[in-house]
Amino acid sequence: MGGDYRRLLGYLPQDFGYYPDLNVSDYLMYIAAIKGLRPVFARKQVDLLLDQVGMKRACKVKMRKLSGGMLRRVGIAQAMLNDPKILILDEPTAGLDPNERIRFRNLISEVSDDRLVLLSTHIVSDVEFIANKIILMNKGSFFRTGTAKDLIASIQTKVWTCNVPRNQVDEYMKKYLVANVKTAAQGAELRMISEQPPVFDARQEQATLEDAFLYYFGEKAGNS
Amino acid sequence: MLLRYELKKLLNKRLNRILLAAALLLAVVFSCFAVRSFIFLDSNGDGHSGFFAARSIVADKNQWKGELTPEKFSESIRQSHHDWQSTSDITYLASAMLVGEFHDYDDQDYSYHAKPEQVASIYDAYLNNLRKICSEYGKSSEKKKFLERKYGKIHTPFNYEAFDSWETMFLYVTTYGIVLVLIIGFLTAGIFSEEFQYRTDSVFFSTRYGRGKAIHTKIQAGLITATLVYAVDISVLSAICFGIMGISGASASYLLSKPYTLYHVSFGQMYAIVVFGGYVASLLSASVSMLISSKTKTMSVAVCIPFVLFCVSPFIGRVMPFHTFFTLTPDQLTNIMNCAKIPDIYQIGSFVFRQIPFLIIFYGLISILMLPLVYQTYYKVNM
């Protein structure tokens with residue numbers, strides 16, 4: 001890819017590295033410089049983004065002293081410096097605690113106006129909250145595209161719950177895609193994905209994106 | 001802006017700061033060693049090694065300042081029996097001019113043995129010895145002509161001025177230069193490897209200038225670092241030492257110390273050549289470190305190469321049979337002081353050249369020519 005193409009990109013890698021001895025502001029100014037931003041514009045962008053990601057007060061803190069969540073916020077700021085047309089976020093919420101993850105998810109939603117955000121993640125709830133369009137990819141190939149609603153609709157009649165004796169849980173897990181096992185008074189309540197009701201008294205449930213993810217990518221316990 | 005932040009990255013590293021501070025501290029320590037290496041003997045024969053010993057010795061020696069006629073040589077040698085301190089340079093010079101080039105330690109026996117009655121025709125004996133050297137080192141007609149031409153430019157009689165501070169500083173600036181070359185190798189190795197060390201390479205290479213201007217800037221930062229660190233530290237060492245010891249002899253001929261040298265320059269000019277040789281070594285160290293670290297993506301190998309080139313190579317050179325080859329290896333850049341002593345010359349076809357100009361031009365060019373390779377190597381990383 002040439003420099004002119006790369007100027008359209010903003011990239012936050014999963015393994016986000018940083019220069020530990022630079023402070024947040026200097027780090028962003030350096031990235032702005034290698035992105036080809038003019039100094040005056042770069043300074044404005046850095047101030048704006050530090051404010052947007054809630055890092056303004058920590059702008060003079062050395063990068064090595066930041067927490068995981070703060071680093072991710074600086075990461076998104078560096079990716080946004082050049083106001084990219086294409087923003088690539090690779091596992092942006094991996095390793096964050098629930099509060100930071102929610103905050104970060106909202107941040108991604110905020111910055112996703114007028115640009116293409118390519119979000120690669122294994123955390124299904126992130127996708128459900130953020131993505132307009134979801135591309136399912138397996139072994140390097142796209143095999144299903146659509147909105148979260150489309151994907152949920154595609155398995156709408158295939159999600160069931162039922163109560164089974166505890167000693168039969170393993171057998172069900174081998175036979176069906178089990179989304180959840182919950183201990184109940186008389187055994188266990190299983191949430192399963194299946195074309196047909198797994199038992200005669202199974203109750204049909206509202207499908208979620210996580211169920212869809214399991215349906216398309218999941219493996220039965222005996223297959224792994 | 002890019003260069004500013006690239007340098008900031010380098011200077012903000014704790015280890016780099018420690019190294020830079022250590023280099024400055026060493027400049028002060030070396031200065032103290034240099035200044036205190038003098039012992040001035042007063043009229044009672046008592047030794048004084050304080051900060052002003054060098055100036056006292058120089059003042060004592062400068063009573064002989066001026067044209068060194070045979071009569072002055074004779075008087076100086078005569079006086080050397082009861083005033084060795086002020087006459088030692090002239091006695092040594094007279095002995096060297098009479099005996100010829102000192103080859104090894106055995107010749108040191110002759111180094112202060114000139115007699116007053118031998119010096120009446122000292123310049124004739126000296127010219128005769130220069131002719132002998134032309135025959136000894138001029139193994140081909142081109143080499144012989146070259147030596148005759150160089151030695152033909154020597155003007156006699158010599159003009160004497162005490163040069164102790166310069167001769168002392170040749171030694172200290174050479175040793176300190178080696179330390180700086182290693183430090184510069186370490187500092188510059190990190191410029192390219194840090195992107196992998198800190199896993200910042202994926203962001204770096206995804207940016208607009210990541211495979212272009214940013215690499216140029218890294219190279220510039222390496223060269224600026226090498227230049228500034230060397231210039232500042234050598235200046236500090238020189239300023240302290242010459243400030244205390246004085247600069248007597250700056251314009252005196254280097255021949256006063258090494259009468260058979262091929263470098264007919266003043267002590268001040270020889271000092272500049274020694275310093276410049278060290279600077280070329282620093283540039284070479286920086287270029288090699290940057291090239292290796294951009295190729296291997298780590299600092300560990302890159303910092304070892306300057307050490308091998310400038311510190312291990314001299315020891316290998318002593319035990320290996322290829323003497324001529326080892327007089328042209330990079331370590332000689334930090335050994336200019338000794339290169340100047342020996343009239344080593346080389347011949348390619350009909351072209352004859354001296355050791356020091358070759359070392360400086362050849363390794364200067366190698367350092368510069370390596371830079372496009374550094375760029376290409378880093379440009380292709382992760383592609």
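Derivation of every value follows stated rules applied to the coordinates shown; laboratory data play no part. Fair warning: this is a prediction, and the values are worked out from it, not measured in the lab. Backbone-built Cβ (ideal geometry, glycine too); neighbour counts: all protein chains shown.
Could you check the spin-label model distance between A:GLU189 and B:LEU11? Points 7 Å from the Cα along Cα→Cβ, value in nm.
It works out to 6.5 nm between the two label points.
Hey, can you list the DSSP H helices of chain B whose Cα span along the axis is 30 Å or longer and whose average Kyte-Doolittle score is at least -1.0? Please report the intermediate quantities before stating the final value.
On the way: long enough: B:14-35 (32 Å, 1.99); B:164-197 (50 Å, 1.00); B:213-245 (46 Å, 1.32); B:267-296 (43 Å, 1.18); B:355-379 (36 Å, 1.44).
Long hydrophobic helices here: B:14-35, B:164-197, B:213-245, B:267-296, B:355-379.
Can you tell me which of A:ALA184, A:ALA153, A:ALA33 moves the most in a GNM of chain A? Springs connect C-alpha atoms under 10 Å apart.
Of the options given, A:ALA184 has the highest mean-square fluctuation.
Projected onto the charge dipole of region A:3-132 (+1 at Lys/Arg Cβ, -1 at Asp/Glu Cβ, origin at the Cα centre), which of A:SER109, A:CYS59, A:ALA94 gives the Cα projection farthest towards the positive end?
Comparing the listed Cα positions along the dipole, A:CYS59 ranks first.
In a GNM of chain B with a 10 Å cut-off on Cα contacts, which of B:VAL173, B:VAL203, B:VAL58 has the highest mean-square fluctuation?
B:VAL203
GNM on chain A, C-alpha springs below 10 Å: top fluctuator among A:THR157, A:THR145, A:THR183?
Between A:THR157, A:THR145, A:THR183, it is A:THR183 that shows the largest mean-square fluctuation.
Using the per-residue mean of other Cβ atoms lying within 10 Å as a proxy for protection, in what order, highest first, do the peptides B:137-147, A:80-90, B:342-352 fall?
Output ranking for B:137-147, A:80-90, B:342-352: A:80-90, B:137-147, B:342-352.
Do the alpha carbons of any pairs in B:LYS218/B:LYS258; A:LYS85/A:LYS149; A:LYS56/A:LYS139; A:LYS85/B:LYS218; A:LYS35/A:LYS65; A:LYS35/B:LYS295 sit beyond 31 Å of each other, and which pairs?
Working: B:LYS218/B:LYS258 43 Å; A:LYS85/A:LYS149 26 Å; A:LYS56/A:LYS139 41 Å; A:LYS85/B:LYS218 28 Å; A:LYS35/A:LYS65 25 Å; A:LYS35/B:LYS295 24 Å.
Pairs exceeding 31 Å: B:LYS218/B:LYS258; A:LYS56/A:LYS139.
Could you list, in their original order, any pairs among B:LYS139/B:LYS341; A:LYS62/A:LYS133; B:LYS72/B:LYS153; A:LYS44/B:LYS8; A:LYS44/A:LYS133 whose Cα atoms are separated by more than 29 Å?
Numbers: B:LYS139/B:LYS341 19 Å; A:LYS62/A:LYS133 37 Å; B:LYS72/B:LYS153 23 Å; A:LYS44/B:LYS8 20 Å; A:LYS44/A:LYS133 32 Å.
The answer is A:LYS62/A:LYS133; A:LYS44/A:LYS133.
Using DSSP to call loops (not H, G, I, E or B), can you name the trypsin sites (Lys or Arg not before Pro) in region A:14-70 whose Cβ has at most 11 other Cβ atoms within 10 angstrom? Please list the in-between numbers first.
Working: sites: A:LYS35, A:ARG43, A:LYS44, A:LYS56, A:ARG57, A:LYS60, A:LYS62, A:ARG64, A:LYS65; in loops: A:LYS35, A:LYS60.
For trypsin sites (Lys or Arg not before Pro) across region A:14-70 that sit outside H, G, I, E and B with at most 11 neighbouring Cβ atoms in 10 Å, the list reads A:LYS60.
Can you bin every Cα-Cα distance in the protein assembly as shown into 20 Å intervals starting at zero and give me the percent of pairs per bin, rounded to whole numbers?
16, 32, 23, 16, 9, 4, 0
Taking 37 °C and 0.692 mPa s as the conditions, I'd like the Stokes-Einstein D for region A:153-217 in µm²/s, using the Kirkwood hydrodynamic radius from alpha carbon pairs.
Reported coefficient: 279 µm²/s.
When you look at the Cβ of every residue in B:8-18, what mean number of other chain Cβ atoms sits within 10 Å?
Other-chain Cβ atoms within 10 Å of each residue's Cβ, averaged: 3.
What FRET efficiency would be calculated for the residue pair A:ARG64, A:ASN132, taking the C-beta separation as r and a Förster radius of 41 Å, to the nearest 0.05?
Once rounded, the FRET efficiency stands at 0.65.
So for chain B, averaging the separation of alpha carbon pairs under 8 Å that are six or more residues apart and normalising by length, what relative contact order in percent results?
20 percent
What residues have an amide H closer than 5 Å to that of B:LEU41, excluding those fewer than 5 places away on the same chain, when H is modeled at 1.01 Å from N in the peptide plane?
Sorted by chain and number, the residues that satisfy this are B:HIS48.
Once you average over the residues of B:204-217, how many Cβ atoms of partner chains fall within 10 Å of each Cβ? Spell out each step's value before the answer.
On the way: counts 4, 4, 12, 15, 13, 7, 6, 4, 5, 4, 5, 1, 0, 2.
So the per-residue partner count for this stretch is 6.
Within region A:76-109, list the residues whose amide N lies under 19 Å from a label point set 7 Å along Cα→Cβ of A:LEU8.
A:79-90
Region B:1-52: which chymotrypsin sites (Phe, Trp or Tyr not before Pro) are DSSP loop and have at most 14 other beta-carbon atoms within 10 angstrom?
Filter output for region B:1-52: B:PHE51.
If one computes the Cα centroid of region A:13-63 and of region B:312-344, what distance in Å separates the two points?
Centre-to-centre (Cα) distance: 50 Å.
Averaged across the residues of A:71-79, what count of C-beta atoms belonging to other chains lies within 10 Å of each residue's C-beta?
1
Could you give the size of the charge dipole of the protein assembly as shown about its Cα centre, using +1 on the Cβ of each K and R and -1 on the Cβ of each D and E, expressed in debye and rounded to the nearest 20?
Approximately 1940 debye in magnitude.
Which listed residue (A:LEU81, A:VAL40, A:PHE129) has the Cα farthest towards the positive end of the charge dipole for region A:3-132, taking +1 on Lys and Arg C-beta and -1 on Asp and Glu C-beta about the Cα centre?
A:VAL40
Quick check: the distance between the Cα centres of region B:113-173 and region B:288-303, to the nearest angstrom?
Value for the Cα centre distance between the two parts: 45 Å.
Mind checking the dipole of chain B: about its Cα centre, +1 per Lys or Arg Cβ, -1 per Asp or Glu Cβ, Debye to the nearest 20?
Here the size comes out at about 2180 debye.
How much of the DSSP beta bridge set in the protein assembly as shown is antiparallel, as a percent to the nearest 5?
Details: 30 of 39 bridges.
For the protein assembly as shown, the DSSP antiparallel bridge percentage is about 75.
With unit charges on the beta carbon (Lys/Arg positive, Asp/Glu negative), name the residue among B:LEU2, B:ALA302, B:GLY349 whose Cα is farthest towards the positive pole of the charge dipole of chain B.
Result: B:LEU2, furthest along the dipole toward the positive end.
Any idea what the dipole of region B:231-383 comes to, in debye rounded to 20, about its Cα centre with Lys/Arg Cβ at +1 and Asp/Glu Cβ at -1?
The calculated dipole for region B:231-383 is roughly 240 debye.
Over region A:3-132, how many percent of alpha carbon pairs lie in each 5 Å bin up to the one with the longest distance?
Per 5 Å bin, starting at 0, the Cα pair percentages come out as 2, 11, 23, 24, 22, 12, 5, 1.
Residue-wise, which Karplus ³J(HN,Hα) couplings in Hz belong to region B:320-337, taking 6.51 cos²θ - 1.76 cosθ + 1.60, θ = phi - 60°, and x for glycine or proline?
Values, residue by residue: 8, x, 7, 4, 4, 4, 6, 7, 10, 7, x, 4, 5, 4, 9, 9, 4, 3 Hz.
Measuring from label point to label point, each 7 Å out along Cα→Cβ, what is the A:PHE217 to B:ILE39 span in nm?
8.1 nm
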